[in-house]
Amino acid sequence: MNGYENLVATLALTMGSSWASGINLYAALLILGLGGATGNITLPHELAVLENPFIIGAAGVMYLVQFFADKIPGVDSISDALQTFVRIPAGVMLAAGAVGDVSPALEIAAGILGGGAAATSHAAKTGTRLMINTSPEPVSNWTASISEDLMVVGGLWTALNHPILFLILFVIFIGLAIWLLPKLWRLIRGLLVKTAQFLRIMSPPAAAEAASSREDGKSPRHPPESSDGY
């Protein structure tokens, strides 16, 4: 493999591992760990630790937990919120390890890019799941969860076997995410406001005015009655 091919392969593994971690970290760890342990994937020295049976076992247990949690409406969004503190840092570490033995500056740069890729894919997944949860039936959650797992498997396979194709698809994904995330955020914000009002966490303006009147010791205002009784 010449220098150009090695650079492309390294870049694809760096972006692929961090992108996948933002969607399903434990599936990504399982694929890389099992692939490295069986000799089907040649991991950089810094990621060879993923081949350890204990890490593979831990990733497998957590994958099973997340597999079932992802199928339950509401629970999947709570899980995604908690996973924010795991997926993005893991994306940083996977990206930094994927570049191999390079200078500290390149490792930091790779970590920054990897953290951005993980944050983008995580935000896209979390926002989409929140919108899906407005549907009253669970089938859409199952479909989304299984599709995400297939995306991780297919994405990592493409990154390892067809790095140029993966990088092209990755750029398309980033472009779609930049276009989609603001729209998702507006929809999600409206949904959260409506939910908060329904749960009376936020009071409607009329209720707030009535509460303010009670605090001032005044009764709610009524239209004045005319002197002739009409």
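The figures follow:
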{"item": "Complete set of residues in the stretch 36-50 that are under 17 Å from ALA95 (Cβ atoms) and surrounded by 11 or more Cβ atoms within 10 Å (Cβ to Cβ)", "result": "GLY36, ILE41, LEU43, PRO44, GLU46, LEU47, ALA48, VAL49, LEU50"}
{"item": "Single residue of the stretch 48-76 satisfying the filter (in a helix (DSSP H, G or I) and of a type in the set (Asp, Glu)) that is farthest from the chain's Cα centre (by Cα)", "result": "GLU51"}
{"item": "Count of the stretch 81-96 residues which are within 18 Å of LEU47 (Cα to Cα) and either surrounded by fewer than 19 Cβ atoms within 10 Å (Cβ to Cβ) or without any contact (Cβ under 8 Å) to a residue 60 or more places away in the chain (or both)", "result": "4"}
{"item": "Hits in the stretch 158-179 (condition: hydrophobic (A, V, I, L, M, F, W, C) and touching a residue at least 40 places away in the same chain (Cβ under 8 Å))", "result": "ALA159, LEU160, ILE164, PHE166, LEU167, PHE170, PHE173, ILE174, ALA177"}
{"item": "Restricting the stretch 97-109 to residues that are touching a residue at least 60 places away in the same chain (Cβ under 8 Å) and not in a helix (DSSP H, G or I), the residue that is farthest from the chain's Cα centre (by Cα)", "result": "GLY100"}
{"item": "Set LEU47, LEU7, LEU113, LEU13: member being farther than 19 Å from ASP149 by Cβ and modelled with pLDDT under 90", "result": "LEU7"}
{"item": "Of all residues in the stretch 109-147 being charged (D, E, K, R) and surrounded by 19 or more Cβ atoms within 10 Å (Cβ to Cβ), the one that is farthest from ASN24 (Cα to Cα)", "result": "ARG129"}
{"item": "Odd one out for ILE88 among (1) in a helix (DSSP H, G or I); (2) more than 16 Å from the chain's Cα centre (by Cα); (3) of a type in the set (A, V, I, L, M)", "result": "(2)"}
{"item": "Only listed residue being modelled with pLDDT of 70 or more and either of a type in the set (A, V, I, L, M, F, W, C) or over 22 Å from ILE72 (Cβ atoms) (or both), chosen from ILE108, ILE188", "result": "ILE108"}
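The values are calculated or read from the model by the stated rules, or taken from the named source; none is laboratory data. Computed from a predicted structure; not experimentally measured. We place every Cβ from the backbone using ideal geometry, glycine too, and count neighbours over all the protein chains shown.
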